[in-house]
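Here is the structure we will look at, set down as structure tokens.
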Amino acid sequence: MNEVCFKNIDKKEPWSLSTYEASGGYSVWRKILKGELSPENIIDELKASGLRGRGGAGFPTGLKWSFMPRNSDIQKYVVCNSDEGEPGTCKDRDILRFNPHSVIEGMAIGGYVMKASVGYNYIRGEFMEPFYRFEAALKEAYKTGLLGKNISGSSVSFDLYTHLGAGAYICGEETALIESLEGKKGQPRFKPPFPANVGLYGKPTTVNNTESFASVPEILAKGGKWFHDLGVKNSGGCKLFSVTGHVKRPANFEVPMGIPFKDLLDMAGGIRDGRKLKAVIPGGSSTPVLTADEALAMNMDYDSIENAGSMLGAGSVIVMDDSTCMVKTLTRLAHFYYDESCGQCTPCREGTGWLYRILKRIMDGDGKSGDLDLLNNVGSNILGNTICALGDAAAMPVESFLRNFSEEFEYYIENGKSMVKDNV
Amino acid sequence: MFEIEIDGKLVNAEAGEKLIEVTDRVGISVPRFCYHEKLSVAANCRMCLVDVEGAPKPQPACSTPVSEGMKVSTQNEKAKSAQKSVMEFLLINHPLDCPICDQGGECELQDVAMSYGSNVSRFNEGKRVIADSNIGALIHTDMTRCIHCTRCVRFGTEIAGIMEMGGTGRGESLKIEPFLNEGIQSELSGNMIDVCPVGALTSKPFRYELRSWQMNSTESIARHDLVGSNINVQTYKGKVKRIVARSNDSVNETWISDRDRFSYEGLSHSNRLLKPQVKFDGTWKEVSWEVALDFCVKGLLRSAGESNSMNSLGVLASKTATLEEYYLLQKLVSELGCENIDYRLGVKDTKNTINLESNVKLSDLEKIDHALIVGSYTRLEQPMINHRLRKAALRGGTVDVINSMQFDFNLALNNENIIIPCEIANLLASTLKVVLESTNQDVPEELNKLTITKSATKIAKKLLSSDASVIVLGEHVINNDNAKNISNLVAMLAKNTNSSTLNLSKTGNSIAADIAGFFPGKDGLDVNSMLGKDMNAYIMFDVYPEYDFHNSSTAIKALSDKNSFIVSMNSFYNNNVADYSDVMLPISSYYETSGTHVNIEGEFQTFAASVKAPQESKPAWKVIKVLADLLDISGFNYSDSSNVLEEAKHNIKQGHRAEESINITDTNSVEVIWQPSPYSIDALLRHSDSLQETKIGQINKATMNSSTAKHLNLGDKDDYLGVPVVISSLVANNCVFINANKSTPSEEQA
Amino acid sequence: MISNKAKKEINSWVEKYPEGRQSSAVMEALKIVQSENGNSLTTELIQEVADYLDMPGIAAQEVATFYENYNHSPMAKNVIRVCHNISCMLNGSDELITHLESKTGVKTGEVTQDGNICVKKVECLGACVGAPMLQIDDKYYEHLTLEKVDAIIDGLKEGK
Amino acid sequence: MFDKLIKIFKDFTLSELLLGMSVTAKELVNTKITVQFPEERTPISPRFRGIHALRRYPNGEERCIACKLCEAVCPANAITIESEMRDDGTRRTTQYDIDLFKCIYCGFCEEACPVDAIVETQIFDYAFESREGSVLTKERLLEIGDENKKLIDKTKLEDSKYR
């Protein structure tokens, strides 16, 4: 536990450069500056490590980095996505707060591999504490000569800046984030072209999650194989899981992939107040909800969760006990997507509002018998028809909530009140 | 080139093409709202979703590039269900007010809903309502109907070049609106009505008048600028009710300027001249055509006097007549044995003015890599040509400008030279010198004494280094003291730098006038000589003296003082015309007669009459024909205006070719450039109320910098030559740039 | 008017972006101007920011209305942003909000009469392990109880 | 022979006459079916298509919004509408004429109307004395609507369940 991003978390001032360097930080970066590591080596190591994008989509990082056109001389960019906003997820905030240098080093390495001399870390606007920490770390790094033009006499240049968001969940989508970085509304772009060809300011760009970048230095220091073997097949390494909801000790845990959900639940102290587990959302609010039985039988890795009927996502485990009213929970989530839809494409703009209004009506006691079919149908009409994944994210919980807890919804429509008596 | 399969059919596709371009080409219909062939792809309406084999989700045809071996279905279950669900989403918040919506009957949403919509709504929640914003006199908004396709937003940023509409807010509360409620200011704004697929943006002057199916549509040509935009004139019960763009990629693509779109309003203005009138003892009497024409004939014959010579007849026409009208009038006059004929009413000295040919195709204009604009604000004066130049600039072309005032161009300028009018010739000459020197050619003596300035070197370098460049000469220099020199210098510059030229000073249908030979014969008088002489008679064709003559009060005085017999043919009533004329013959205005417009490419664009001339007014070419018959002149047996055109085509005249000499004169006093404001250039525009209400229509100012104002002893509350003074540092020193929607300057200043 | 201090601050952001891409700084510029203008923006200010960054006014307006952190009507000195998304809801944020409403005497989204406090319900603030939580200015307050909230509000009322 | 005897018998007993009288007597007491038009009227189907009327909303506002769908659908081209924007910004007719010489009373106008403004009433007995009377103007149509409001409302209500 706590071997990569959180390895210094228990030390004094874990965010300082000295703490980071004392545990081997920047060793990889210095090796690069000395010319001892080639981009190809790094990509091979990353591919061997099995590191998959930690932002939710789980795309292999090594492969993503190899997509960047490396031979042309045009300006390229690496961008770190610290616009953490998926309900249930709060790991990047802690990485920025407690281990900012790992992100800096990871981004610098990325810049070197992809021949991008400029990087931006897009931090969500509300994360002011992490922002100050990161800025301080940047200052330290510049002062020590780890960043800048022709760093310590080498031919490597890397400038890193922070950009602050201003409150829009959609900017967590990489193309929306790029638009936002350009000073526009955070409306996702359609793909193709992919950012690796046309990204920030029209230049090739790679966007990775904070945790992905933070994991890179440790992987390269200890070897891809070491990292891979921490986890299981198809899900290499360890990952941060934010366990929240009805648990005794909600917290972030960096644990090897493939750990049984039960163990993770125990680490968080189990269900609070001696209640029973009712449902689990394993990967953040956009992933399908699982019943207690499904959850208890699964392990925390990509394949196992997919087999259980959901997705690992960003590793945000939301635990619900038997006092939870599922109608209310789904309404809450539907409101979130309704509020955060960017409004660009039709199904999401119109559909999220429709979903929310139907649920709200049910909550207000005005549900009608056909409403559940309608909800399902509207959800499936959004699914797959939008520019970005927000539409899908809004539709997927609806489908899974209705599938797994249909009797609760039917009860609510019929009786105008929740089936769960003492719901919170 | 490779093959792809769409709906089981094999079709050819080119790499880089989008799927929708292929389906459109082969005639497979894919519903769409946000896609527009002349705008960038947004892929936001999601209506064009189709099933691409191998893709897990349906793909939007507008943004999916074709690839070899692609198999696409636009009709299968997956595609249909995606399209139907998008249709439902679009309709849930769209009001059901088609019966009062002006777009009803020509609405893309309505059409697509017929095939993809459901007849029952499953949406039981409240519909979204959005407050409208007032965006000016031309466009009415009903934003509740908006489907957020962002075509208008993209039109603004990409075509008009000013981002005026934007999408504010997010999610369901996304609103398409302008920022400040100042109204849309673009000179191309009316195209937003055309691109809007629903009734959110509709024509304000046309509001609630008719349904689209009630009107007849005739193809016509708009004549307010040098391109002759292709339009459809929509009429109802003999009245022009609306004008919309007609696609023609070699002329106007799918866009037309606001001038072309809304000027029709003037046709039904109460100021139309509707009946022939004759002045008996100083008072006007409405008479029949027979009486009026008889009066004309008698008057003209009497004016010839005993010698029976028509040497003392002057014939003047405005710049807006058709080729046929110019030709017939010219023929009539020359048959009478008179050579005093001219259309260059606004030119101070016809011997010293621009004579430059245009030799670039409009569609090639957007491919040039450099343009030098001399004396023109192309954006407002020639919007469609400016649009092509802007396209060139967006493709990476550069634009240099030599002007006397800094204008708000909507394209990036590389190098802007703001100089006083008398220096323009010097700058061009010194540029020519640089060009000649750097190409190792002999420098003519006249240029030897010139010093080479930095800006001249810059301009020359750019012209020399460009493969396809164009020099654009505008209207601002027609009355420059060195106009002829400037014209010659531009021609020589173009020759030596291998550039094309574009002469924007021949506005209206002047090119047709030249072709028809509507200029003084060898011994004939030009306009200014006529006015300076005692002419016994005049025939004035659609002349509005206070706007058309270079010096209005001198002209009016000349026409009214001398006891000449004056026949005026006009489409609008005008007080001054009534003062000096003896007969007023009501003639057709735009869209009321058949004819031909010759555009800057030299393209003959013939149009038919869309409506009949109102009341007793008649198509002008017929009036001239009958007048010729009554004067017993043979050879006027035309049954149709196309006969006239045929004959005119066989008798194409060449204008005088000016000799290439340069002799620059210097002036030291304050120089005035008088330019009618864009919506005041002809009688029809001046009578179009909605256009006059717009910001552009309201332009009426004499701009000068503070030191010029001081020199002239003027403040910003004063008038200069009857035009309100605006003090601004945008104008070159010692220069006054007047943009007026009123008459031309009066005597005192000339 | 944008003050010189604000301009300096905006410039420090503009420097981060490539030349000609100064409009990337619009989000921060708007925040800076907003905080100088008592926590809210006006159309004039937005136009000024747009002019300063050489971008169309409507583009700045789009940004100012798209993102949540901008206010377009007079705002309280202290904005209490309470997360009411799923993890916080499971941990009693609704109760918290009701409590805050009764404590401040105004509904969420409204400003107290003295212009001191406004409670806003917001979506996930990314501190789910600290649920329920709220944000005032730059600071997060996590693991809240009704007592802790009382103390925070009292602190604000005393003008701390 | 026998027939002859019966005839004689009938003739003498005046039976034919009595038979006839009995019919008369029966009809004397039976309900009468002759309708004294125009004082009396036969029942008419609520769906009957007689002369036209323009209806108003309860607040007195005319219903017609000048959508011209009736004009478009009219197979006899009997309807002529001119419209403009009224000062309050609403879409209204300035002219609404129905040429009764052209009208074939097909009822399409009523079917097409999205706001139930133009209706065909049960009135079939109407006359005009001048040629101009053959054209029902907007004013006349509204007048007919106002005069027969109760009747129109009643018949439309009766018919509404079958629509």
Dipole magnitude of chain A about its Cα centre, charges +1 at Lys/Arg Cβ and -1 at Asp/Glu Cβ only, in debye to the nearest 20? 940
If you filter region A:1-53 for trypsin sites (Lys or Arg not before Pro), then keep DSSP loop positions with at most 15 other Cβ within 10 Å, what is left? A:11, A:12, A:34
Amide H neighbours of residue B:550 under 5 Å, at least 5 residues apart or on other chains, H built in the peptide plane: list them. B:346, B:347
Entries in A:7/A:143; B:239/B:618; B:38/B:367; A:149/C:8; A:368/D:161 that, when Cα-Cα distance is taken, lie over 19 Å: A:7/A:143; A:149/C:8; A:368/D:161
Enter the mean number of other protein chain beta carbons within 10 Å of the beta carbon of each residue in C:20-30, as an integer. 4
Given labels modelled 7 Å from the Cα in the Cβ direction, how far is it in nm from residue D:57 to residue A:197? 5.5
For residue A:248 and residue A:38, FRET efficiency with R0 = 60 Å and r from the beta-carbon atoms, rounded to 0.05? 0.80
When only Cα pairs under 8 Å and 6 or more residues apart are kept, what is the percent relative contact order across chain A? 16
Around residue C:119, which amide H atoms from residues at least 5 apart in sequence, or from another chain, sit under 5 Å from its own amide H, with H modelled in the peptide plane? C:80, C:109, C:110
Taking C-beta distances below 4.7 angstrom as the pairing criterion, name the unpartnered cysteines of chain B, in sequence order. B:48, B:62, B:98, B:101, B:107, B:146, B:152, B:196, B:296, B:338, B:422, B:735
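Calculate the FRET efficiency for residue B:180 and residue B:712 from the Cβ-Cβ distance with a Förster distance of 30 Å, rounded to the nearest 0.05. Intermediate values should be presented prior to the final figure.
Numbers: r = 34 Å, r/R0 = 1.13.
Using R0 = 30 Å, I get an efficiency of 0.30.
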Mean projected area (nm²) from the convex hull of Cα positions in region D:89-163 is 6.2
Averaged over residues of C:88-98, the number of beta carbons from other chains lying within 10 Å of each residue's Cβ is 4
In degrees between 0 and 90, to the nearest 10, how far off the longest principal axis of chain B does helix B:641-650 point, with axes built from Cα atoms? 70
DSSP-defined beta bridges in region C:22-160 - what % are antiparallel, rounded to 5: 55
Equivalent ellipsoid semi-axes, region A:9-122, via Cα gyration tensor eigenvalues times 5, rooted, Å: 23, 19, 13
Applying the gyration tensor rule to the Cα atoms of chain B (axes a ≥ b ≥ c; rounded if a/c under 1.5, else prolate if a/b exceeds b/c, else oblate), the class is prolate
Taking the Cβ of residue C:58 as the centre, find all other residues whose Cβ is under 10 Å away and add up their charges (Lys, Arg: +1; Asp, Glu: -1). -3
Karplus-derived 3J(HN,Hα), 6.51/-1.76/1.60, for each residue of region B:723-732, Hz, glycine and proline x: 10, x, 7, 10, 9, 8, 7, 6, 9, 5
Kindly provide log₁₀ I(q)/I(0) values, in the same order as q = 0.04, 0.08 Å⁻¹, from the Debye equation applied to equal alpha-carbon scatterers of the protein assembly as shown. -0.36, -1.14
Residues of type aspartates and glutamates that residue C:148 reaches as a straight line, Cα spacing below 19 Å, ignoring anything fewer than 8 places off in the same chain: C:94, C:95, C:101, C:137, C:138, C:158
So what J values fall out for region A:288-300 if you push phi through Karplus, 6.51 cos²θ - 1.76 cosθ + 1.60 with θ = phi - 60°, rounded to Hz, Gly and Pro as x? x, 7, 10, 7, 4, 5, 4, 5, 5, 8, 9, 9, 8
Among the trypsin sites (Lys or Arg not before Pro) within region B:484-532, which fall in a DSSP loop and have no more than 11 other Cβ atoms within 10 Å of their own Cβ? B:522
Give the whole-number value, in cubic angstrom per residue, of the convex hull volume spanned by the C-alpha atoms of chain D. 219
Please give the calculated 222 nm ellipticity per residue for the protein assembly as shown, where each DSSP H segment of at least 4 residues contributes -39500 (n - 2.57) and the sum is spread over every residue; nearest 500 deg cm²/dmol? -10000 deg cm²/dmol
Given A:256-269, B:386-399, the highest-first ranking by average Cβ count within 10 Å works out to B:386-399, A:256-269
Angle between chain B longest axis and helix B:289-304 axis [Cα atoms, degrees, rounded to 10]: 40
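Going by average Cβ density within 10 Å per residue, which order do the peptides D:14-26, A:379-391 take, highest to lowest?
A:379-391, D:14-26
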Among DSSP beta bridges lying fully in chain A, give the percent that are antiparallel, nearest 5. 45
How high is the relative contact order of chain B, given as a whole-number percent (alpha carbon pairs under 8 Å, six or more residues apart)? 13
Give me the angle, in degrees from 0 to 90, between the Cα long axis of helix D:149-160 and the longest principal axis of the Cα atoms of chain D, rounded to the nearest 10. 80
Could you give the nm distance between label points at residue B:118 and residue C:72, where each point is 7 Å from its Cα heading toward the beta carbon? 3.3
Across peptide B:178-187, how many C-beta atoms of other chains are within 10 Å of each residue C-beta, on average? 2
Amide H contacts under 5 Å for residue D:52, placed H, 5+ residues apart: D:121
Relative to the present Cα-Cα distance, how much length would full extension add between residue B:10 and residue B:84 at 0.36 nm per residue of separation? 24.1 nm
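Can you bin region C:4-66 into rounded, prolate or oblate? Criterion: square roots of the alpha carbon gyration tensor eigenvalues sorted a ≥ b ≥ c, rounded for a/c under 1.5, prolate for a/b above b/c, oblate for the rest. All intermediate terms of the calculation are to be shown ahead of the outcome.
Working: a/c = 1.87, a/b = 1.20, b/c = 1.55.
Since a/c reaches 1.5 but b/c is at least a/b, the shape of region C:4-66 is classed as oblate.
Taking R0 as 60 Å, what's the FRET efficiency between residue C:101 and residue B:458 from their Cβ-Cβ distance, rounded to 0.05?
0.35
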Anisotropy class of region C:78-157 from Cα gyration tensor, a/c 1.5 cut: prolate
Starting from the Kirkwood Rh over alpha-carbon pairs, what translational D in µm² s⁻¹ does chain C have by Stokes-Einstein at 20 °C and 1.002 mPa s? 126
Using DSSP H assignments, which helices in chain A have an axial alpha-carbon span of 27 Å or above and a mean Kyte-Doolittle hydropathy of -1.0 or higher? none
Karplus ³J(HN,Hα) for region A:194-200 (6.51 cos²θ - 1.76 cosθ + 1.60, θ = phi - 60°; Hz, whole; x = Gly/Pro) runs 7, x, 4, 9, 10, x, 4
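No value in this document is a laboratory result; all are computed from the given coordinates. Here the structure is a predicted model, which means the values were calculated and not measured. Counting neighbours? That spans all protein chains shown, and the Cβs are built from the backbone with ideal geometry, glycine included.
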